[in-house]
Amino acid sequence: MARVVGRSLKRIPGLRSGRLPKEIPLAAAILDGGMVTDIDPADIKDNQASLLKNARVRRDKTTRRFGKSSYLPTKPDSNAVRRLFDFKLGETTFYRIRITAAGIHFTDGASWTALTGTFSGRPTDVATVLGTLVVANGIDRLRKLDLDAKTISDLGTIAPPSKYVTGFSERVVGA
């Protein structure tokens with residue numbers, strides 16, 4: 001049984017007196033049709049869903065996802081994470097980059113590796129331009145993250161301090 005839950009409602013004249021619960025079911029239905037993503041949501045049956053959060057569909061049965069799972073490998077330090085993003089290099093290589101106040105680490109799923117170099121401030125934007133990771137923080141020049149050499153360096157001698165970064169044609173644009 002699936003329940004759609006909403007916030008409390010405004011008091012409507014004619015309703016019973018007393019307090020309404022904070023969360024009340026807006027709709028209740030048997031949701032045994034699974035998740036259908038290849039058809040327009042207006043055309044699917046009432047027992048199907050087009051987007052499910054915190055749920056899993058197994059053999060046309062929809063259930064709530066259980067608990068949580070730890071991301072492995074274990075974190076390199078206990079600093080608060082300021083930015084976490086994924087980077088795909090080629091067709092088969094995936095990296096996850098973790099930026100904290102103390103430094104920048106990346107992993108390919110086996111272990112966390114620290115990047116050497118300086119990066120201060122809070123990262124405000126990240127872009128991938130022609131296979132190069134570029135990070136902006138609004139204070140320093142644009143920084144390049146080189147995962148092969150495991151370094152953080154300036155993008156170039158004329159790279160301006162920027163808060164936002166994106167790629168256009170074969171160029172990096174900072175603002």
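The values are calculated or read from the model by the stated rules, or taken from the named source; none is laboratory data. Only a predicted model underlies this, so the values are computations on that prediction, with no experimental measurement involved. Note that each Cβ is placed from the backbone with ideal geometry, even for glycine, and that neighbours are counted across all protein chains shown.
Quick one: A159 ticks every box in (1) of a type outside the set (D, E, K, R); (2) out of contact with any Gly (no Cβ under 9 Å at 6 or more places or on another chain); (3) part of a loop (DSSP other than H, G, I, E, B) bar one, so which box is it?
(2)
Quick check on this structure: which one of Y71, Y95 is of a type in the set (F, W, Y), surrounded by 14 or more Cβ atoms within 10 Å (Cβ to Cβ) and under 15 Å from the mean Cα position of the chain (by Cα)? Write out each step before concluding.
On the way: Y71 fails: surrounded by 14 or more Cβ atoms within 10 Å (Cβ to Cβ).
The unique qualifying residue is Y95.
I'm told R98 meets every condition in (1) of a type in the set (K, R); (2) over 27 Å from L130 (Cβ atoms); (3) part of a strand (DSSP E or B) except one. Can you identify the failing condition by its number?
Against the list (1) of a type in the set (K, R); (2) over 27 Å from L130 (Cβ atoms); (3) part of a strand (DSSP E or B), R98 comes up short only on (2).
Looking only at residues that are of a type in the set (G, A, S) and farther than 14 Å from I30 by Cα in region 42-54, which one is modelled with the lowest pLDDT?
Step one: of region 42-54, the residues of a type in the set (G, A, S) are 42, 49-50.
Applying the additional criterion that residues be farther than 14 Å from I30 by Cα yields 42, 50.
On the way: A42: 85, S50: 81.
Top of the filtered list is S50.
Do the conditions hold for R65, that is, is it farther than 16 Å from T107 by Cα, modelled with pLDDT under 80 and in contact with a Lys or Arg (Cβ under 7 Å, 6 or more places away or on another chain)? Walk me through it before giving the result.
Details: farther than 16 Å from T107 by Cα: yes; modelled with pLDDT under 80: yes; in contact with a Lys or Arg (Cβ under 7 Å, 6 or more places away or on another chain): yes.
It is true that R65 is farther than 16 Å from T107 by Cα, modelled with pLDDT under 80 and in contact with a Lys or Arg (Cβ under 7 Å, 6 or more places away or on another chain).
Would you mind finding the one in R3, R11 that is in a strand (DSSP E or B), among the basic types (K, R) and at pLDDT below 75?
Details: R11 fails: in a strand (DSSP E or B).
Residue meeting the stated conditions: R3.
In this structure, does G138 turn out to be small (G, A, S) and in contact (Cβ under 8 Å) with a residue 40 or more places away in the chain?
Numbers: small (G, A, S): yes; in contact (Cβ under 8 Å) with a residue 40 or more places away in the chain: no.
Spelling it out, it is not the case that G138 is small (G, A, S) and in contact (Cβ under 8 Å) with a residue 40 or more places away in the chain.
Only one residue in L130, L147, L115 is out of contact with any Gly (no Cβ under 8 Å at 6 or more places or on another chain) and assigned by TED's automatic domain parsing to the domain that holds R96. Which one?
Numbers: L130 fails: out of contact with any Gly (no Cβ under 8 Å at 6 or more places or on another chain); L115 fails: out of contact with any Gly (no Cβ under 8 Å at 6 or more places or on another chain).
Exactly one of L130, L147, L115 is out of contact with any Gly (no Cβ under 8 Å at 6 or more places or on another chain) and assigned by TED's automatic domain parsing to the domain that holds R96, namely L147.
Kindly provide the set of residues from region 115-135 that are at positive phi and either touching a residue at least 40 places away in the same chain (Cβ under 8 Å) or over 22 Å from the mean Cα position of the chain (by Cα) (or both), ordered by number. So that I can check it myself, show each step before the final result.
Our first condition is that a residue be at positive phi; within region 115-135, this holds for 117, 121, 130-131.
Of everything in region 115-135, those that are at positive phi and either touching a residue at least 40 places away in the same chain (Cβ under 8 Å) or over 22 Å from the mean Cα position of the chain (by Cα) (or both) turn out to be G117, L130, G131.
Scan region 28-85 residue by residue and report those that are more than 30 Å from F119 (Cβ to Cβ), assigned to a loop (DSSP other than H, G, I, E, B) and among the hydroxyl-bearing types (S, T, Y).
Passing the criteria: T37, S50.
Failed condition for G138, given (1) at negative phi; (2) within 25 Å of the chain's Cα centre (by Cα), with all others met?
Failing condition for G138: (1).
Report yes if A159 is assigned by TED's automatic domain parsing to the domain that holds H105, farther than 24 Å from G90 by Cβ and in contact with a Phe, Trp or Tyr (Cβ under 7 Å, 6 or more places away or on another chain), otherwise no. Quick ask: steps written out before the conclusion?
On the way: assigned by TED's automatic domain parsing to the domain that holds H105: yes; farther than 24 Å from G90 by Cβ: yes; in contact with a Phe, Trp or Tyr (Cβ under 7 Å, 6 or more places away or on another chain): no.
For A159, the condition - assigned by TED's automatic domain parsing to the domain that holds H105, farther than 24 Å from G90 by Cβ and in contact with a Phe, Trp or Tyr (Cβ under 7 Å, 6 or more places away or on another chain) - is not met.
When the residues of region 118-153 are narrowed to those that are farther than 13 Å from R82 by Cβ and hydroxyl-bearing (S, T, Y), which ends up surrounded by the fewest Cβ atoms within 10 Å (Cβ to Cβ)?
Filtering region 118-153 for residues that are farther than 13 Å from R82 by Cβ and hydroxyl-bearing (S, T, Y), the one surrounded by the fewest Cβ atoms within 10 Å (Cβ to Cβ) comes out as T118.
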